[in-house]
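To start, the structure itself, in structure tokens.
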Amino acid sequence: MKFTPDVTALHPAVVAYRRHFHQHPELSLQEHETARFIEKELHKLKLKTKRLAGTGVVSVIRSGKPGPTIMLRADMDALPVTEENTHSYRSRYKGRMHACGHDSHMAMLLGMAKLLTTHRVARGKVKLCFQPGEEGEDGAGKMVAAGVLEKPDVDFAFGMHVWAPLRTGKIAVISGPAMAAVDEFEVRLIGKGGHAAYPHSATDPVLASAAIIENLQSIVSRNVAPWEAAVVTVASVEAGTAFNIIPPVATMKGTVRTFEKPVRRLVERRLKTIVRQSAKAMGCRAEIDFIPKLPATVNDKKMSEFVRGIAGEIVGPRGVADIKPTMGGEDFSRYCEKVPAVFAFVGAQNERKGAVYPHHHPRFEIDEDALMIGMELAWRVTQSYLRNY
Ligand SMILES: [Zn+2]
Ligand SMILES: [Zn+2]
């Protein structure tokens, strides 16, 4: 692996940042101390900062020469998880943990701020974007609405995720759709309650929910083309209070994941039809809330090639992992919707260091060597982009 000496020199500082954030996790849209810490560190570098969307922090580094603007994004929030790791820098708070790795993303971006203030870039500008509320709160959408992509206008957005399924030393850049569009649905099935021993005088929404769950499975198997990807999951079903009562209402909640817009529209349409008609067949009425949450994260094809080329220079051609897109969602998609953007996965799994648990797990841990690889990638992407585009 090839590292720039200045990146190697910064590694201990970036590890220290990461451990600081790890000890002080804050939940989505409540990243107050995190934001203040970031501001303090950026002010030490004589950088001006601006608040957006409450706890978001933005800073622009200008070369003084005309050129494009690249935005580097780090998400800031932790998860409502109680950490089960026992290392010295574990979370100091019960029920809060950086179990997704956003601590690493912020640490690397602060490292980039240090690099960018000591080494001038060739031309153009670098916008540092510390974004709150990635975990289900669409913080990216809030930052976009607050104008993060303007003044100066962003020409290219780059983001990274430390990635537990990938070994340290590997980098993956998926061209095109990389992470899925996320939709949520809630269904209320209204029947007629009654005595469980006299079902003929009731209308049973529990039976209707069973029919609906089964019929929904035909969307992926019979409506979506075999070469497209989609997930329909009913994740929560609630009804009833006792063994001898037919309840009047049953509720179901679930999620839809897709990559392509036409598939997304198809699944929504079929889901609504199946729920309504199946409920009707069982004598119930269905109220459906279909809530679009996030678009798919679609990496710009040309820029993905550019980033993959740079990844290859760092980890070698065999280090560039060829992985499949994931059905997980990521609000980085909000930037992809507006400007050419690339979201890269930086391998951080290392069995020897106990970094083997999946994201969001109470024992989630990363191999901190990945921080150096991520920094090197961000540094080279930034420099090369500003030199060549
Ligand atoms: Zn997460
Ligand atoms: Zn994450």
Exercise for the section: Mind checking which of Phe158, Leu45, Val307 is farthest towards the positive end of the chain's charge dipole, using Cβ charges of +1 (Lys, Arg) and -1 (Asp, Glu) about the Cα centre? Expected result: Leu45
Practice task
Would you give the gap between the C-alpha center of the range 100-140 and the C-alpha center of the range 145-177, rounded to a whole Å?
Solution key: 10 Å
Exercise for the section: Enter the angle in degrees (range 0 to 90, nearest 10) between the Cα long axis of helix 5-23 and the first principal axis of the Cα atoms of the chain, meaning the one along which they spread out most. Expected result: 40 degrees
Completion exercise
For the pair Thr82 and His43, the simple spin-label estimate (label points 7 Å beyond Cα toward Cβ) gives in nm 3.6 nm
Exercise for the section: Please give the length that would be gained between Lys338 and Asn388 if that part of the chain were fully extended, namely 0.36 nm times their separation in residues minus their C-alpha to C-alpha distance (nm, one decimal). Expected result: 15.9 nm
Fill in the blank from the handout: Candidates Ser91, Ser236, Ser278; GNM for the chain (alpha-carbon contacts under 10 Å) flags as most fluctuating Ser236
Problem - Pairs of lysines in the range 181-294 (C-alpha under 21 Å apart; 8 or more residues apart or interchain) - result: 9
Practice task
Would you mind checking the radius of gyration and Dmax of the range 181-294 based on alpha-carbon positions, in Å?
Solution key: 15.0, 48
Practice task
Would you mind computing, in nm to one decimal, how far apart the modelled labels at Ala9 and Glu150 are, each placed 7 Å from Cα along Cα→Cβ?
Solution key: 4.0 nm
Practice task
Quick one: among Ala74, Ala225, Ala99, which has the greatest mean-square fluctuation in a GNM of the chain with alpha-carbon springs under 10 angstrom?
Solution key: Ala225
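Please arrange Met179, Met282, Met143 by how many other C-beta atoms lie within 10 Å of their C-beta, fewest to most.
Numbers: Met179 27, Met282 20, Met143 24.
Listed from fewest to most nearby Cβ atoms, that is Met282, Met143, Met179.
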Fill in the blank from the handout: Counting only backbone N atoms under 19 Å from a point 7 Å out along Cα-to-Cβ of Thr241, the residues of the range 183-218 in range are 189-199, 202-207
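Given the Cα-Cα distance of Ser63 and His360 and 0.36 nm per residue of separation, how much length would full extension add, in nm?
On the way: separation 297, 0.36 × 297 = 106.92 nm, distance 3.84 nm.
Fully extending the segment from Ser63 to His360 adds 103.1 nm.
Please tell me the relative contact order of the chain in percent, rounded to the nearest whole number, where contacts are Cα pairs under 8 Å and at least six residues apart. Each step should come with its number before you reach the end.
Numbers: 895 pairs, mean separation 92.7, N = 389.
Reported as a whole number, the value is 24 percent.
Between Ala225 and Ile288, what length in nm is gained on full extension when 0.36 nm per residue of separation is reduced by their alpha carbon distance? Display every interim value, and only then the final one.
On the way: separation 63, 0.36 × 63 = 22.68 nm, distance 2.48 nm.
Here the segment from Ala225 to Ile288 would lengthen by 20.2 nm.
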Problem - Globularity ratio of the range 293-389, using Cα Rg and 2.2 N^0.38 Å - result: 1.18
Problem - the chain: mean projected area of Cα convex hull, nm² - result: 21.0 nm²
Completion exercise
Label model pair Arg352, Arg265: point-to-point distance (7 angstrom along the Cα→beta-carbon line) in nm is 5.3 nm
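Only the coordinates and a few stated rules stand behind these numbers; no lab work does. The structure displayed is predicted, hence computed values, not measured ones. No Cβ is skipped: glycine too gets one built from the backbone with ideal geometry, and neighbour counts run over all protein chains shown.
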